[in-house]
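Data block below; observations after.
The values are calculated or read from the model by the stated rules, or taken from the named source; none is laboratory data. As the structure is a prediction and not an experimental result, all values here were calculated from the model. Quick reminder, even Gly has a Cβ in these numbers, built from the backbone with ideal geometry, and neighbours come from all protein chains shown. These area figures cover heavy atoms from the full protein model, side chains too; ligands, DNA and RNA do not enter into them. Shrake-Rupley method; radii C 1.70, N 1.55, O 1.52, S 1.80 Å.
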Amino acid sequence: MAGKTYTPGIVDQHIGRRMQLRRTMLGLSLKDLANICGVTFQQIQKYETADNRISASRLFEIGTAMQTPVSFFFTGLPGNMPDETKATRSMHLHQPDVDDPMLRTESLELVRLYWRLNTDAQRAALMGLLKSMAGTTE
C-alpha cells in the first residue's frame, strides 16, 4: 500500500520561515542548529523549506535550542490568538507575499548586524548613512 504524498501546507511553510528567521537572527548556520538539535543540517533545511513537517516535540526542542517559545513559530498566523479565533474560523490562510523584503535573508542579516553594534551612537550613524544613501530623511 502506497503512503500519502506529503504536500506542505501554509502553516508548515510559515513555521519553516519563522524557524529560518530565528536561526538567522541568532547568526546560526544550518549546521550549527543541526548540531545543537542532534540532527543533520539537511533535516533542518527540510524543516525550513517545509519539505518535512516538524513534530511538536521536535519544534519544542528547536525552540529551546534557539531560546524562543514555541509560540514564536506561530506568530503571524491568522486565528492563533483567542480573540481572533472566532473571527477567523471561516477565513482561509493566504500565501505570504514572496516579494516581501523582510523575508529575505539579506534583510535579516542586516537587522542582526545592526543590533550587534555596541552603542546607540553607532546605530544612529549607520541609520543616518542609510537614509542619506537612500535619499530620504524619514
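Brief remarks follow.
- Residue that is farthest from G27 (Cα to Cα) [pool: residues in region 103-138 that are in a helix (DSSP H, G or I) and hydroxyl-bearing (S, T, Y)]: S132
- Boolean, P78 is open to solvent by less than 80 Å² (accessible area, probe 1.4 Å), modelled with pLDDT under 90, out of contact with any Lys or Arg (no Cβ under 9 Å at 6 or more places or on another chain) and part of a loop (DSSP other than H, G, I, E, B): yes
- The residue of region 82-102 that is modelled with the lowest pLDDT, among those that are assigned to a helix (DSSP H, G or I) and among the aliphatic types (A, V, I, L, M), is A87.
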